[in-house]
Every structure is written in structure tokens, then in C-alpha cells.
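Step one of this worksheet: look at the structure below.
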Amino acid sequence: MYHLALKMLFSDRAKYIMLVSGLTFATLLMTQQAAVFFGILAWTNGNLKNMRAPIWVVDPKVEQANEIKSMRDTDVGRVRSIKGVEWAVPMYWGILQSRLSDGTFKAVQLVGLDSATMIGRPGNMIAGRIEDIRVPNTVVIDDLAVERLSKGRPKPIGIGDVFEINDKEARVAGICKTEKSFFGYPYIFTTYDQALQFAPKTRKMLSFILAHPAKGMTAKQACLEIEKETGLKAYTEEEFGLATIKWFFVNTGIPFSFFTTILMGFIVGVAIAGQTFYSFVLENLKHIGALKAMGASDWLLTRMVALQAFTVGLLGYGIGLGLTIVFGLLVLRKGMPPFSLPWQLPAVTFVIIMFICTFAALLGIAKVRKLEPAIVFRG
Amino acid sequence: MDNQQHKIGSNEYAVQVHGVIKSFGSGDAKTVALKGVDFDARQGELLMIVGPSGCGKTTLLSVIAGTLAFDAGKVNVFGNPLHAMSKSETTLFRGKNIGFIFQQFNLIPTLSCVENVSVPLLINGATRAAAEKKATEVLEVVGLKGRENERPTNLSGGQQQRVAIARSLVHEPRLIICDEPTSALDKDNGAKIMELLREIARAPDRCVIVVSHDNRIYHFADRMTEMEDGKVQRVHETYKPVNFKDQ
């Protein structure tokens, strides 16, 4: 009987296409929007991914990785003096203006690394060497900077080319690849000392202290010791990432906005699939009544209806997920908008789509089970 | 009504109905459709139930077919007491023992003729291949050889009713229930269908019950049960049923 149930479904083309389209749209909307949301969340941790360190020490008022309340340079020494800390280095991070050759300005994220250890250096150099930033007024730029800072140039900016950061000349010594950050500005790496020259002067300039726990200590234990001894706030890398994500959840409308869109996808899926499937069952009620009269049990009819509902569900989910992946591949090539599709996301969407199908099937099944087979004799 | 005074459970009867009451609704809106109906149908006969609209013909047919629960009384179909069966037992019984022919054919328009005809076999657990093979054979019997893969909507009314007859016969049921089988057909097609149904009825251990308004086909009946106001009023012996014991 199952092949007949499927044939009945596929032959009602209008409803079949409507059902598959509705579930495809719901899958696409929920998965794609959630993937973009996860992409944004990943971007909020851009600093942590690009300047890796097991411990991040900040001013106690700092709540997440994209905000700065500068500390004194002497705080690096205070952290280094703690028993549980193997090493600690200063880092500058700030958003500055760079001036291009055609006179236009672009915002950049300037990162000042400890010149001795280069801790926090970019992991993937495309051209040049990171050590060359020790040469006065030199920087390493990322691939996004090549794209952004090449405006007005006859050829893309490269090693040896010059541009201005905060009215000071900077020469490109290398090009690296970085993870995108929430602000979407390119990264410029230089030494900590030179970063302080590029950046506008303020009383305190130290953005972060990157540290490593001493042997036999966990990062968490070292953090607790740093906080106790210095009064500064110390996060493990993981904690800082989670705190950043939490901050965006609590302080921005981004999660709510995405949640609303995802919810709409769910509602659209429920409404279209539920309504269309119910009307499909209603239109076939006379035939279902005939099957019932001919001896088809409620259980057999329930399985037939469920098969129809889950078939359109699987098709809609498959097409919707396929379209999401195509979207992802296209945007990842361009780098915009952010996109992250961990396996849990399609899995959760699958469960939601199956829930929608179960709802739609139950509407139909309830009708079928209540149906008196004697309906077939009523004209 | 003397001929209604039979012994419940007798083997010569295909269907025995005794004192069946069926009402719809409740309170002031309660309507009693069957008011203690006594009725029988014999093996090897085509029995027609006739009467004015609203007299309870279709309700009685639904009760005999086991598609409608009734309030009181007894119904035996080939010795099987429907009144004592659970809902699932009745469903199983219907699937194995009763064939249905409906007023509007009730063929599934998205399925081919052979698929429509194979449905009762599939319900009874036959494989797809076996069901379609048997369905093809039965379609040939009803004169539709070569139309197996057509959709019902491409056939004439008479041909559609033949498909419905094939569907009612394919699982070799003992009781065939027909609800106004000729109402959607012209006179000639109606007569052909009734000839076919009468042939079908001429088999041992089988019975065809037809509910009809169509007085053009009354002469095809072996016996005619006339209903009025929820009761059997008269039974006309218009044809002597075949006595299989003598054959």
C-alpha cells in the first residue's frame, strides 16, 4: 500500500510542490539564518582566534574580547611576578584610521605584539616573515587589508608598499591570513612599541596581557592566582570566548533578530506544511473512507499518511539543506556574510522539520482515525 | 413479514439481520434511522433493497457492511456475528469477506485501473506483483483487457463502474455490497452492469446486495426488500434463487 500512498502524494502535483517548497523554505530559512548567526558569533571571537594565548588578562571592567579598557605597562610585570605564570607579554589592540594612496580612509585593527617573543602572531603567513615587523615602521597586513587598502592603486598593495596609519607611514613587510572579526576591519600587525607610536597617545596603552600558566598549573588555576594577586581580570581563552558570546547575547539585538527570523521559518513551515497536508488529507478523505470500508485498518492508514508526510519532509529538508550549503560555499568564497555550519545545526533543523511533519501528519491522522467508513455511502 | 421469521445463524443465509436499531444524534436532534429491522439475504441471490429517500436503505447497507456501528440487534454475515466483533475484527472481516461497489465508483483518480483493483489484495497483505497480476486477470473478466494502465478518469462511466466491480471481486469476497451502482450510468450501461452483478451473484457461497432508487433495474433482482420509515415493509419474491444443493 505504501507505493500507492506515495503515488497519491506525487500525483497531486500542486500540493506536493507546495508541501516540498514550504518545508524547503523553512529548512533554508532556519539553517541559513542560524548559520549566519553562528558565523557572527564566530567573528566575535576573531581576536581570540587570531592572537592565540591560553590566558588573557584585562582590566576588571572588560567583559568581552572586543572592548578595551587600557592598563598600565607595569601590569605586565605584576603578572609575570606571579608564581603560577610561566610567561606574560603585552599586547596592543585598537581600531585606527589608515589613509590610502588616493586619500581615502579605511578603519583597521592594529595589533601590537611583544617584539621579543612575537606571541599572538598570525598563524598563517602568505608572504614575508612576521619577524620583519621589528624593522622600524613596518607592519604585516592580512589578506582583507590587501583588498581594502589597494583602492586607488594600480596593483594590489604588497611587500614594500607604503600607506599611513594615523598619519604615520607604515611599510608592508608581509602578508598573512587571518580569521574575520566582528568589526569586519582588516588586521595590521606590528610590534608593541611601534603600535604605541602609531596609536594616539593616551595615559594607559596596554590592551591585553597574554600569559601562559606555569608547569603543573591549569590555565584556570593561573587565572585565579592572577586575579587574586593583581586585582586584574584573567580569563582562560575558552572563558573569554564564551564571555564574549554571552555579552553579544545580552547586549545586542542580534540574537533576538536572528531568533525572530528562525522562528518565522518554523512558523511558515508549520503553517504551510500543516495547512497544505491537512487539505491534502481532506481532499482524499473520500478515498481514505473507501479504503477503510474495504478493510484498511486505522494503523495501516496512519502509516500511509505518516509516510506521505515524512516523504515531503525529507525531500524539503534535503533540498533546503542543499541550498543552504550552496549559499555557504558562495559566501565563504566571498567572505561575507559570516557563515558557520557546525554538524549540530543541520541535525537540529532535521529534528524541527520532522516535528513539523509529525504535526502535519497528526492533523491528517486525527481526521483519518475519526472517519467513519460509512461516509462512502453518503453520496 | 412471514418470510422474515427465520432462524438466526442458519447456513442457507448469507446475511441475517434481527431487530437492528440505529439512531443518529441525541436529545431533541435524535433521529432513529432503523427501527428494529429484520432482514435476510440468501446465498446465490442478488437482493435489492428499495424504498424512498430517508427510509434507511443506506444505513441498513452500512450496518450489513460492518461500516457503521448500530445501537441494538444482531447481524450475521455468513454466520459471523458482526454485533459481537470488535472494531478491528470488523475491519479485518470486511477486508476479507466483503466487496464494495459505490455510487460514485470511489476509484482513486491518481492510480491506474490495475492499481485501483489491486487495493483489496494489498490491504489483505498480498505482494504488489501478486496483487497486480490478479487485478489484471479480473479486469479481463469484466471486459477491460488492455485498459489496465489507464487512469479511471480516462474511462467512461460504465467502464469506471466495471473497474469498481473488478475491485469488489478481486479478493473473492462472499458478500458484495452495491450502493446505487447504476445511478451515475445511462440505461444501457446500467443494464450491462446489472447483468454482470447478477452473474456474479450466481455462485455458491456468494450474495450481492444492491441498494437502488433506479426502477429500471428492479427486474434484475432475485428478491426485493422494500423499506419505509426505518423498517422492512415487504419482501417481493421476484426470482427463485438457485438451489446449489440440487446442482
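Quick rundown of the values:
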item	result
Residue of A:Gly316, A:Gly265, A:Gly128 that the Gaussian network model of chain A assigns the largest fluctuation, springs spanning Cα pairs under 10 Å	A:Gly128
Reachable lysines from A:Lys180, criterion Cα separation under 17 angstrom, eight or more residues apart if same chain	A:Lys49, A:Lys106, A:Lys334
Share of carbon and sulfur in the accessible heavy-atom surface of the stretch A:72-231 [1.4 Å probe, %]	50
Mean separation of Cα contacts under 8 Å, 6 or more apart, over the residue count of the stretch A:72-231: relative contact order %	35
Contact order normalised by residue count of chain A, Cα under 8 Å, 6+ apart, percent	29
Diffusion coefficient, µm² s⁻¹, Stokes-Einstein with Kirkwood Rh over alpha-carbon pairs of the stretch A:35-156 at 25 °C and 0.890 mPa s	147
Chain B: relative contact order as a whole-number percent, Cα under 8 Å and 6+ apart	28
Mean ellipticity per residue at 222 nm, deg cm²/dmol - from DSSP H runs of n ≥ 4 across the protein assembly as shown, formula -39500 (n - 2.57)	-14000 deg cm²/dmol
Dipole magnitude (debye, nearest 20) for the protein assembly as shown, charges at Cβ of Lys, Arg, Asp, Glu	760
Kirkwood hydrodynamic radius of the stretch B:1-114, Cα pairs, Å	15.5
Candidate aspartates and glutamates for bridging to B:Lys133, where Cα separation is under 15 Å - those fewer than 8 sequence places away on the same chain excluded	B:Glu115, B:Glu148, B:Glu172
Rounded to the nearest 10 Å², the accessible area of A:Val20 at probe 1.4 Å	20
Spin-label model distance (nm) - B:Lys96 vs B:Glu237, 7 Å beyond Cα toward Cβ	3.5
Alpha carbon convex hull of chain A, projected area averaged over orientations, nm²	25.3
Heavy atoms of B:Arg202 accessible to a 1.4 Å probe, total area in Å² rounded to 10	70
Cut-off 20 Å (backbone N to label point 7 Å along Cα→Cβ of A:Leu285), residues of the stretch B:60-75	B:62, B:67-69
Dimensionless Rg over Rh [chain B; C-alpha; Kirkwood]	0.96
Reach of B:Lys192 by Cα under 18 Å, taken over aspartates and glutamates that are not fewer than 8 positions away in the same chain	B:Glu45, B:Glu140, B:Asp179, B:Glu180, B:Asp214, B:Asp222
Crossing angle, helix A:13-44 versus chain A [Cα axis fit, 0-90 degrees, rounded to tens]	20
Additional length obtainable on full extension of the chain from A:Phe10 to A:Phe183, 0.36 nm per residue less Cα span	57.4 nm
Positive-end residue of B:Thr31, A:Ile356, A:Gly112, charge dipole of the protein assembly as shown with Cβ unit charges	A:Gly112
Alpha carbon centroid spacing (whole Å) that separates the stretch A:22-78 from the stretch A:218-275	9
Degrees between helix A:237-251 axis and first principal axis of chain A (Cα, 0 to 90, nearest 10)	60
Estimated distance in nm for a label pair at A:Asn124 and B:Arg202, the labels positioned 7 Å out from Cα along Cα-to-Cβ	8.7
Rounded FRET efficiency, nearest 0.05, which uses the C-beta distance separating B:Ser183 from A:Phe249 and R0 of 51 Å	0.15
Of A:Lys7/B:Lys57; B:Lys74/B:Lys96; A:Lys69/A:Lys220; A:Lys292/B:Lys231, pairs whose Cα-Cα distance is over 24 Å	A:Lys7/B:Lys57; A:Lys292/B:Lys231
C-alpha long axis of helix A:298-334 to longest principal axis of chain A, angle in °	30
Share of alpha-carbon pairs per 10 Å distance bin for the stretch A:170-301, given as whole %	8, 17, 21, 16, 10, 10, 9, 8, 2
Ordering of A:366-373, A:233-240, A:136-143 by packing [mean C-beta count within 10 Å, highest first]	A:136-143, A:233-240, A:366-373
Relative intensity, log₁₀ I(q)/I(0), of the stretch B:74-214 from a Debye sum that treats every alpha carbon as a point, q = 0.09, 0.11, 0.12 Å⁻¹	-0.26, -0.39, -0.47
Dipole magnitude (debye, nearest 20) for the stretch A:1-123, charges at Cβ of Lys, Arg, Asp, Glu	220
Spin-label pair B:Asn154/B:Lys192, simplified geometry with 7 Å Cα→Cβ offset, distance in nm	1.8
Highest-fluctuation residue, A:Glu179, A:Glu227, A:Glu283 considered, GNM on chain A with Cα pairs under 10 Å	A:Glu283
Spin-label proximity, A:Ile95 to the stretch A:53-88 - amide N less than 17 Å from point 7 Å beyond Cα toward beta carbon	A:63-70
Farthest positive-ward along the stretch A:72-231 dipole, Cα basis, beta-carbon charges - from A:Phe182, A:Ala214, A:Ile226	A:Ile226
Accessible surface of B:His171 - all protein chains present, 1.4 Å probe, nearest 10 Å²	30
Accessible area buried at the A-B interface, both sides summed, 1.4 Å probe (Å², nearest 100)	2500
Average accessible area per residue (Å²) across the protein assembly as shown - probe 1.4 Å, nucleic acids and ligands excluded	44
The stretch A:72-231 - charge dipole about Cα centre, Lys and Arg +1 at Cβ, Asp and Glu -1, debye rounded to 20	140
Solvent-free Debye scattering, log10 I(q)/I(0), computed from the Cα coordinates of the stretch A:72-231 at q = 0.16, 0.17 Å⁻¹	-0.87, -0.95
Within a Gaussian network of chain A (alpha carbon springs, distance under 10 Å), most fluctuating of A:Met294, A:Met354, A:Met205	A:Met294
DSSP beta bridge pairing in chain B, given as percent antiparallel to the nearest 5	55
For chain B, with +1 on Lys and Arg beta carbons and -1 on Asp and Glu, the positive-most of B:Asn97, B:Ser156, B:Ala131 along the dipole	B:Ala131
Accessible area of chain B belonging to carbon and sulfur atoms, whole % at 1.4 Å probe	47
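The values are calculated or read from the model by the stated rules, or taken from the named source; none is laboratory data. Please read all numbers here as calculations on a predicted model, not as lab measurements. All Cβ positions, even for glycine, are placed from backbone atoms using ideal geometry, and neighbour counts span all protein chains on display. With ligands, DNA and RNA removed, areas are computed over all heavy atoms of the protein, side chains included. Shrake-Rupley method; radii C 1.70, N 1.55, O 1.52, S 1.80 Å.
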